[in-house]
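Take a look at the structure set out below.
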Amino acid sequence: MTRKSLQRLIAACTLTLTGSTFAATELVVQYPYGGTFKETFAEIKTGFETQYPDIKLNFRAPYENYEDATQKVMREAITKRLPDISFQGLNRVRPLVDRDIAVSLEPFIAKEQGFDKEGYHKAMLDIGTYNNEVYGLPFAVSLPIAYYNMDLVRQAGWDEHNLPKTWDEVIQLAQEIDALGDDVTGMVYGWQITGNWLWQAPVFSQGGSMLSADEKTVSFGGEEGQWALETFARFFKEGGMKNYSSADGRQSFISGKAGIWFWSTSNVTKAEQLIGDKFEMKTNSFPSVKSEGSLPAGGNAIVMLTKDAAKQDAAWKFIKYSTSGKGAAIVAQTTGYMPPNKKANEEYLTDFYRNHPNHYTAVKQLPLMTDWYAFPGKNGLKITQIIHDHMQSIASGDRVNESGAVLNDMVTDVQKYLPR
């Protein structure tokens, strides 16, 4: 072999060895609601890959919503096409644990020194804990709030100093806004939001629950549920609410044609951007929460799905980065979701909330936060659809005057699909 040939061979071997030694680990990641989180994950990707240049993130097309996320993961578990990391609704982690799809994070947490000092307090860990093990770390947390078009509120004779505190006041204000013109809608209540979240909220606000403690019997058929569904019917009968889709209801408010919009705090940043200077928007607390009441925590958690030990170390680094004080601050600043990591509030967001009071409304409601309920068993998604369909019968006007009968039918139908 000539000297030149030997040099070429050594160079080729060196290049091959270098390439294999420093080849980046690729993590396949999938998250929901692309419109909400696009900017968030662009910032997280840049920051993470700068800190960990040996790990590259490959984001799949976003899930449409939390139900879509769960259904796709369940199908992909069968076809062996799971992403390495999935962002799942806080009430959708449970079925992935029950089916042994989600990976326990306990071994990774156990290796961390001073994990609690990094802002990972017990309440945060409890949200994603099942069977006494942590399977999901909360990434983005929200609570239901009210958005007000203050231009329409003032035209109706109200102002920022006496915004509604009860649903009776909300409906009264909505009536007065609705009377301002044919092209104006009094209120929009985003009841179609994923996982019956805004059905659970009014029931929980009165101290009610979805099921009995043993999860064998429907419990929302009591007085709390009766009040919640009748109040929902009043939105249409008295508050001027129309049978909008979620998208149309949101657009009605953003365009200045609806006076009040009830939705997640997650949309505060996007709403402010889209509204611009069209009108003044203010957020306010969810109405009529009793002293014994609570509100369900919406949002999503990061779940590890990869069973590949080599990838799990990289996946854990991404989970830690995304839920750290820095990562949680990015979520709050780009969406309106609240950071579940205490360090984000203490070190990164002090000035942010002072300068963005619309974001702080949900933070003030944190003492009311409880778990977003996940119905047990293989029919959890079916139950979600059953509740949606019964509420739609009121929204469409078909049974708007039969809220009591609708509730009885809802209870009966949900009971059929509970585990026996």
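The values are calculated or read from the model by the stated rules, or taken from the named source; none is laboratory data. Remember, predicted model here, so these are calculated numbers, not experimental data. A quick note on method: Cβ atoms are made from the backbone with ideal geometry, for glycine too, and the neighbour counts reach across all protein chains shown. In case anyone asks, the SASA skips ligands and DNA or RNA and just uses the protein heavy atoms, side chains included. Shrake-Rupley method; radii C 1.70, N 1.55, O 1.52, S 1.80 Å.
What single numbered condition from (1) closer than 29 Å to Asp68 by Cβ; (2) surrounded by fewer than 20 Cβ atoms within 10 Å (Cβ to Cβ) fails to hold for Leu229?
Failing condition for Leu229: (2).
Kindly indicate which of Lys242, Lys278 is within 20 Å of Asp159 (Cβ to Cβ) and free of Cβ contacts under 8 Å to residues at least 60 places away in the same chain.
Values: Lys242 fails: within 20 Å of Asp159 (Cβ to Cβ).
Lys278 is the lone residue from the list that is within 20 Å of Asp159 (Cβ to Cβ) and free of Cβ contacts under 8 Å to residues at least 60 places away in the same chain.
Scanning for something at pLDDT 95 or above and among the basic types (Lys, Arg), does the range 261-276 turn up at least one residue?
no
Only one residue in Ala332, Ala310, Ala344, Ala328 is over 17 Å from Tyr31 (Cα atoms), small (Gly, Ala, Ser) and buried (at least 22 other Cβ atoms within 10 Å of the Cβ), so which one is that? Explain how you work it out, then say what you get.
Numbers: Ala332 fails: over 17 Å from Tyr31 (Cα atoms); Ala310 fails: buried (at least 22 other Cβ atoms within 10 Å of the Cβ); Ala328 fails: over 17 Å from Tyr31 (Cα atoms).
Only one candidate passes the filter, namely Ala344.
Of the residues that sit in the range 376-402 and are open to solvent by 80 Å² or more (accessible area, probe 1.4 Å) and not charged (D, E, K, R), which one is farthest from Gln226 (Cα to Cα)?
Per the stated criteria, the residue is Gln385.
Condition first: at pLDDT below 90, within 24 Å of Lys111 (Cβ to Cβ) and not polar (S, T, N, Q). Can you find one or more residues in the range 355-375 that meet it?
No, there is no match, as no residue in the range 355-375 is at pLDDT below 90, within 24 Å of Lys111 (Cβ to Cβ) and not polar (S, T, N, Q).
Anything in the range 256-275 that is open to solvent by 30 Å² or more (accessible area, probe 1.4 Å) and either more than 21 Å from Gly34 (Cα to Cα) or charged (D, E, K, R) (or both)? List them, or say none.
Passing the criteria: Lys257, Lys270, Glu272.
Could you list all residues from the range 356-372 that are over 16 Å from Pro340 (Cβ atoms) and assigned to a loop (DSSP other than H, G, I, E, B)?
Matches in the range 356-372: His356 only.
Of the residues Gln51, Gln71, Gln113, Gln88, which single one is open to solvent by 20 Å² or more (accessible area, probe 1.4 Å) and touching a Phe, Trp or Tyr at 6+ places or on another chain (Cβ under 8 Å)?
Step by step, each of Gln51, Gln71, Gln113, Gln88 is checked, and only Gln51 is open to solvent by 20 Å² or more (accessible area, probe 1.4 Å) and touching a Phe, Trp or Tyr at 6+ places or on another chain (Cβ under 8 Å).
Considering only residues that are crowded, with 20+ Cβ neighbours inside 10 Å and polar (S, T, N, Q), look in the range 180-208 and name the one that is farthest from the chain's Cα centre (by Cα).
Within the range 180-208, the match that is farthest from the chain's Cα centre (by Cα) is Thr185.
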